[in-house]
1. For a footprinting-style exposure proxy, rank M165, M318, M1, M176 by other Cβ within 10 Å, fewest first.
2. Can you tell me what share of the DSSP beta bridges in segment 145-271 is antiparallel? A percent to the nearest 5 is fine.
3. What share of the DSSP beta bridges in segment 85-189 is antiparallel, in percent to the nearest 5?
4. Cα convex hull of segment 107-234: how many Å³ per residue?
5. Rounded to a whole number, what is D in µm²/s for the chain from Stokes-Einstein with the Kirkwood radius over alpha-carbon pairs (4 °C, 1.567 mPa s)?
6. Using r as the Cβ-Cβ distance of S329 and T390, and R0 as 30 Å, what FRET efficiency do you calculate, to the nearest 0.05?
7. Cα atoms only, segment 278-420: Rg and Dmax in Å?
8. How about segment 434-470: which GluC sites (Glu not before Pro) there are in a DSSP loop, with at most 14 other Cβ atoms within 10 Å of their Cβ?
Amino acid sequence: MRIALGQFNALVGDLAGNAERMRGIYTEALRSDVDLLVFPELAVCGYPPEDLLLKKHFLEDNRIAVEKLAADCPDKTIIVGFAESCQGSNYNSAAVLQAGRISEIYRKGLLPNYGVFDERRYFHPGNEPVVINVGGIRIAITICADIWNIEWLDNFLRNAGQIQMVLNISASPFYMGKIRKREEAVSRCAEKFNCVVSYCNLVGGQDEIVFDGRSMFADSTGRLVCQAKAFDEDLLIAEIIPAGDRVVQVKPAQPTADQPAGSVDEVYQALVLGTRDYARKNGFRKTLLGLSGGIDSSVVAAIAVAALGPENVVGITMPSKFNSPETISDAEKLAKNLGIEFLTVPIEPVLGQFDRALKQVPGWDSKGIAYENLQARIRGSILMSLSNSTGSLVLTTGNKSETAVGYTTLYGDTAGGFAVIKDVPKTVVYKLAEHLNKINSREIIPADVISRPPSAELKPDQKDSDFLPDYDLLDKILKGYVEEDKSAQQLVESALPQNVVHNVIRMVDRNEYKRRQSPPGVKITPKAFGRDRRLPITNRYSSSNDARH
C-alpha cells in the first residue's frame with residue numbers, strides 16, 4: 001500500500017484556496033499511484049481558526065468544502081482535517097473520503113489547552129476510535145495530541161482490534177527543540193503498538209505561529225525511516241509492506257529531505273517563513289524598517305530580504321546628533337550588502353521643534369528619559385507615515401531580551417506591524433548574525449555591527465550595559481523566569497546573582513503593559529510573550545521575594 005503525506009501551507013479561513021491546493025496535491029499523488037493521501041489537521045480551514053469556530057456558517061462551509069473535495073477526488077482514499085459541527089457540538093475532525101463521499105469521520109480525543117492551544121474553548125472531545133482498511137492495512141486515525149499521551153491512546157484503542165498503522169494528522173507548531181520531542185512521540189507510539197506510524201504535519205506561518213512540516217514515517221521498531229522538508233511544502237511517499245499479522249515495514253519512495261543544520265539554522269528558517277507568510281497572507285508586497293547600524297535591525301533586514309526579496313525591503317536611517325558616524329556608515333553598508341533601497345530621514349530638525357514646543361510645559365527636561373524616548377517616537381511616526389503612504393508593512397526590530405524588561409519605547413521602536421525577532425533572545429540574535437554571514441559565504445552583516453557594544457544611541461556615550469546586565473546573564477535569568485516559571489529564590493539557588501535576579505524580575509513584571517501593545521512576532525521559544533504567556537497588566541503578585549514585603 002502506497003501512502004502520501006501532503007504537508008502544505010494552509011491559510012486560515014481560505015476554505016476554497018486550501019481545497020484547491022489539496023486538489024492539486026491529489027493530482028500529483030495520482031501520478032505517483034498512491035492508495036492513500038493524507039492532509040494535516042484542520043487542513044480545510046487552517047490552524048488555528050480561533051473564534052471563526054464560533055460562527056455557525058463557518059462550520060457549515062467547512063463541511064461543504066470537504067464534501068466538494070470528496071466529489072472532486074473520488075479515485076483514492078483521502079484523510080483530511082476539518083472543523084465539524086454535529087448535533088450541537090463542535091469537533092476537531094478527520095474525514096475519510098472514499099468513492100466521492102465522506103465515508104467516516106474521526107473526532108480528536110485529546111484537546112490541548114495550554115500555550116498557544118485553546119482547543120477546549122472551541123471543541124468537544126471525540127470518544128470513538130476509527131480504524132479503516134486501505135490496501136489490506138488496518139489504520140487507526142489520530143489527530144495531533146492523541147499520540148502524545150501514549151497511555152491514553154493505549155486505553156482508547158484497546159477495543160479497536162488489530163492495528164498495523166497509527167496515522168496522525170497534526171498542526172504542531174515550531175519552537176527550538178520541538179522536533180526532537182515530536183520524533184520521540186512518534187517513535188514511542190510505533191514501539192508501543194508495534195506498528196508503523198505515519199505523521200503528517202502542517203507547514204507555514206499563521207500570525208505568531210510557524211508550522212515546520214517535517215512529516216515522517218516510523219517503522220514498527222520506532223525507527224524514523226524518512227522525513228519531509230522543514231519549513232516548506234512537500235509530498236512524502238512510502239510503501240507500507242505487511243510482514244506478519246501486526247508488524248509492517250516502511251519503504252520510502254524518496255530519501256529524507258535535507259534538514260536544518262542545527263538550532264540556529266532552524267530559528268533562521270522559521271523567521272524567514274514566518275515573515276514571508278505574515279506579509280504575503282495579509283496582502284503586503286513591500287516592507288520597510290529603521291536601520292540603526294545595530295545588530296537587531298541588521299538581522300531583521302537580512303531576514304526580510306531572504307523572505308521577500310531585496311526589491312521588497314526598504315531600509316531607512318533616521319540619524320540624530322547622538323548617532324555615531326560608524327553606526328550610520330554601517331547601516332548604509334548593510335543596505336548595500338543586501339541590495340535594498342536605502343533612505344535617510346534625519347530627525348534632528350523635528351526633534352528640535354518638539355523640544356522647543358515642550359519646553360513651554362513645566363517639568364520638561366531636554367536631557368531626561370522622556371527626551372530619549374521622544375527620539376524613538378519621532379522615528380516610529382516617520383516609519384508609520386511612510387507605511388501609510390506606500391502601503392508597506394513596518395517591521396519592528398526589538399528582541400525578546402529587551403521586550404522582556406521593557407527596554408523599548410512604547411509608540412517608538414515598538415511601532416509597526418510585525419515584530420520579526422520579538423521572541424529571539426539577544427544572545428541568539430548574535431548567533432543569527434554570524435549564521436547569516438556563514439550561509440551567504442560573505443559579510444552580509446558588517447563585522448563592526450557584531451563586535452560593537454550595543455547602544456540605543458539616544459544620548460552621548462550610551463550603552464545597553466548602562467541599564468541592563470550583560471546579555472548572557474540577562475538571557476539566563478529570562479529563560480528561567482519567563483520560559484521555565486522559576487521563582488527568584490530558585491534562580492538565586494542556581495548560582496545567579498541575587499540583586500540582578502530581583503531587578504530583572506521587577507522589570508519584567510512592570511512592563512506587561514508595553515508587551516500587550518506590541519505587534520505580533522514569530523514564536524521560536526517554548527514560551528513566547530503573547531499567545532503563550534498571558535499575565536494581567538494590573539497585578540500585585542511578584543516572584544521576587546523582596547516584592548512581597
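1. M176, M1, M318, M165
2. Percentage antiparallel, nearest 5: 75.
3. Roughly 70 percent of the DSSP beta bridges within segment 85-189 come out antiparallel.
4. 110
5. For the chosen part, D equals 51 µm²/s.
6. In this case the efficiency is close to 0.70.
7. My reading of the Cα-based Rg and Dmax gives 15.4, 49 Å.
8. For GluC sites (Glu not before Pro) across segment 434-470 that sit outside H, G, I, E and B with at most 14 neighbouring Cβ atoms in 10 Å, the list reads E443.
Just so you know, all these numbers are worked out from the coordinates, no wet-lab data involved. Owing to the predicted nature of the structure, the values given are computational and were not obtained by experimental measurement. Backbone-built Cβ (ideal geometry, glycine too); neighbour counts: all protein chains shown.
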